[in-house]
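Report on the structure given below.
Only the coordinates and a few stated rules stand behind these numbers; no lab work does. All values reported here derive from a predicted model rather than from experimental measurement. Positions of Cβ are backbone-derived with ideal geometry, glycine not excepted, and every protein chain shown enters the neighbour counts.
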Amino acid sequence: MEYKILGNTKERLSKIGIGTWQLGKNTKENEKAISLAISKDVNFIDTAEIYGTEKFVGRVITGKPGLFIATKVWATHFRYESVIKACERSLKNLGIKQIDLYQLHWPNPGIDINKTMKAMEKLVYDGKIRYIGVSNFNEKELKNAQEAMSKYEIVSNQVEYNLIQRTPEINLMDYMKKQKITLLAYSPFAHGAIFKRKYNELIKSLNELGEKYNKTAGQMLLRWLIQKDIVIPLTKASNPKHMLENIAATNFNINQKDMHNIDNLTPKNSNFGLSRFKDLIKYYLLFRTLLRI
Ligand SMILES: NC(=O)c1ccc[n+]([C@@H]2O[C@H](COP(=O)([O-])OP(=O)(O)OC[C@H]3O[C@@H](n4cnc5c(N)ncnc54)[C@H](OP(=O)(O)O)[C@@H]3O)[C@@H](O)[C@H]2O)c1
């Protein structure tokens, strides 16, 4: 397995992370897929309090040392005391003493970011978490969160990034590169949508480009992300066959010409994903927070 350094730290993360959103009911199959990834030296697993999969992850990682566990606090829990309590709950669910990466799941304009970040700093200071990350933050939100901290740095921002959702390329990636913040690219397959009929042509082109590397369209897609230096894709696969296929994207190289060819398969401002609803989610969160629902 090849590794990448997380943000401005010395932490080595496998070039692919395992996501655990919507794992479905077949826990045996999910467990098998994740254990398989761990046996292939994938060390990075991502969950969130809102996914309801922290206990499952806790079970799977028991007795497996050397893993890097990331989870997230949901946006309605961003008040100082709520962050601290949410972290305690996540530690209990996961059955661990320290969370490696604790992330703010979604920006919440209804809660003062200064107070939220103070709570995050306190959690590092108290040894409950090791690193602070954010998720779905734009450049301005990221800057504000950074400026709200006095002792520690933000090491990662988890955003949707794939061939049909390329908005991070507009400004965010350049800023993150300068700041040495890792981009954790969630939904590299657009939540599986990329394999649907609508994108047949795209998949066909990726398969053609993959022929000389003996790799599939999915592997080309993941590798295209991996070769962008600050990016680590976070994929979810409950099917062990998919998991193995995805892990094999960590051990080959796409040449520069083919990287450009893939770059040119979709427009740089493609925006088909979850982020389209980002503003709606923000207003929903603001509304809920103000009414304290
Ligand atoms: N921070 C956030 O707000 C946020 C939002 C969304 C997601 N995430 C994180 O990112 C992770 C990944 O994103 P995601 O779950 O949306 O989806 P994804 O990885 O883009 O796609 C998962 C889907 O693709 C299928 N798949 C996986 N590998 C495949 C392959 N090699 N060939 C064909 N199909 C394949 C999976 O099927 P099977 O399951 O049948 O294998 C599943 O249906 C999440 O689990 C979560 O941890 C974070």
* In whole angstrom, how far apart do the alpha carbon centroids of segment 71-138 and segment 1-23 sit? -> 19
* Going by average Cβ neighbours within 10 Å, how do the peptides 196-206, 43-53 rank, with the highest at the top? -> 43-53, 196-206
* Asked: Against the longest alpha carbon principal axis of the chain, how many degrees, from 0 to 90 and to the nearest 10, is the axis of helix 27-39 turned?
  -> 80
* Length-normalised contact order of segment 3-290 in % [C-alpha pairs under 8 Å, at least 6 apart] -> 21
* Pair Thr27, Arg197: separation of 7 Å Cα→Cβ label points (nm) -> 3.7
* Whole number please: convex hull volume per residue of the Cα set in segment 130-244, in Å³? -> 120
* Structure fact -> Percent of all alpha-carbon pairs of the chain at distances over 36 Å, whole number, is 12
* Asked: About the Cα centre of the chain, what is the dipole size in debye to 20, counting +1 per Lys and Arg Cβ and -1 per Asp and Glu Cβ, all else neutral?
  -> 480
* Which pairs, out of Lys28/Lys204; Lys15/Lys177; Lys40/Lys236; Lys122/Lys236, put more than 27 Å between their alpha-carbon atoms? -> Lys28/Lys204; Lys122/Lys236
* Asked: In degrees between 0 and 90, to the nearest 10, how far off the longest principal axis of the chain does helix 278-290 point, with axes built from Cα atoms?
  -> 20
* **DSSP beta bridge pairing in the chain, given as percent antiparallel to the nearest 5** => 15
* Where a ≥ b ≥ c are the square roots of the eigenvalues of the C-alpha gyration tensor, would you call segment 1-57 rounded, which needs a/c under 1.5, or, failing that, prolate if a/b is larger than b/c, or oblate? -> oblate
